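Input: a single structure, listed below in structure tokens.
The numbers here are math on the coordinates, done by the rules we state, and not lab data. In this text the structure is predicted, and so the values were computed from the model without any measurement. All Cβ positions, even for glycine, are placed from backbone atoms using ideal geometry, and neighbour counts span all protein chains on display.
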Amino acid sequence: AAGVIQSPRHLIKEKRETATLKCYPIPRHDTVYWYQQGPGQDPQFLISFYEKMQSDKGSIPDRFSAQQFSDYHSELNMSSLELGDSALYFCASSLVSSGRGVYNEQFFGPGTRLTVL
Amino acid sequence: AQKVTQAQTEISVVEKEDVTLDCVYETRDTTYYLFWYKQPPSGELVFLIRRNSFDEQNEISGRYSWNFQKSTSSFNFTITASQVVDSAVYFCALTTPNTDKLIFGTGTRLQVFP
């Protein structure tokens with residue numbers, strides 16, 4: 001079965017650079033979620049999109065932005081990178097039948113490991 | 001406020017031992033969902049189980065079993081006859097219908113030695 005695809009799998013950037021992470025949800029899934037997992041920490045929710053509109057927002061820094069495109073893939077853009085942004089970034093997708101209010105399984109991708117030097 | 005507590009930071013066992021990972025949750029919502037995820041050293045998050053607040057039945061899947069008790073707000077996970085391949089970090093998580101956010105506990109690192 002098709003899974004969530006994230007690219008790149010590994011990314012190394014310098015401080016103050018920008019980075020773009022991509023997420024391709026499972027076919028027919030309409031919702032994507034982004035999580036950040038720092039070293040030795042639990043995943044923290046950043047943001048989600050349902051049908052290309054922002055659905056929920058968590059602890060996403062102002063330097064980060066994200067969007068979901070017409071083909072449902074999503075991109076997380078990070079600017080002015082800091083050492084503390086080094087983390088594993090997960091994307092998850094789900095098929096939400098009626099928007100928020102009904103839980104639908106979040107299927108996680110393999111993650112993108114971002115290292116900021 | 002919603003919260004998930006995994007008090008056990010690290011557990012070490014020898015192969016074939018049984019081990020229970022504890023999870024205590026807090027929420028004021030009457031409808032909520034609880035999860036367990038496994039994160040092996042390779043880093044991916046592997047979904048193990050979802051349980052909703054209306055279903056207190058315990059579940060068994062092979063060597064894995066889960067004990068959901070609303071009276072104590074706990075959702076504990078037991079691995080029977082542990083194996084080296086069970087070595088991983090295990091996360092308990094919670095969500096409610098009014099948010100997309102999965103709230104994770106801090107995880108329990110399980111090390112199974114041969």
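Its relative contact order, with pairs defined as Cα atoms under 8 Å and 6+ residues apart, puts chain A at 36 percent. Using the alpha-carbon positions of region B:1-80, Rg (one decimal) and Dmax (whole number) come out as 13.2, 39 Å. For the protein assembly as shown, the convex hull drawn through the C-alpha positions has a volume of 128 cubic angstrom per residue.
Quick note on chain A: its Rg to Rh ratio, both from C-alpha atoms and Rh being the Kirkwood radius, is 0.96. Below 20 Å Cα-Cα, how many Lys pairs turn up in chain B? Only count pairs eight or more apart in sequence, or on different chains, if you could. Lysine pairs satisfying the spacing and distance rule in chain B number 5. Neighbouring Cβ atoms from other chains, within 10 Å of the Cβ of residues in A:106-114, number 3 on average.
Averaged over residues, the count of other Cβ atoms within 10 Å places the peptides B:84-90, A:23-29, A:66-72 in the sequence A:23-29, B:84-90, A:66-72, highest first. Taking every residue in B:100-111 and counting other chain Cβ atoms within 10 Å of its Cβ, the average works out to 5. For chain B, modelled as a GNM whose springs connect Cα atoms under 10 angstrom apart, the maximal fluctuation among B:Gln69, B:Gln57, B:Gln83 occurs at B:Gln57.
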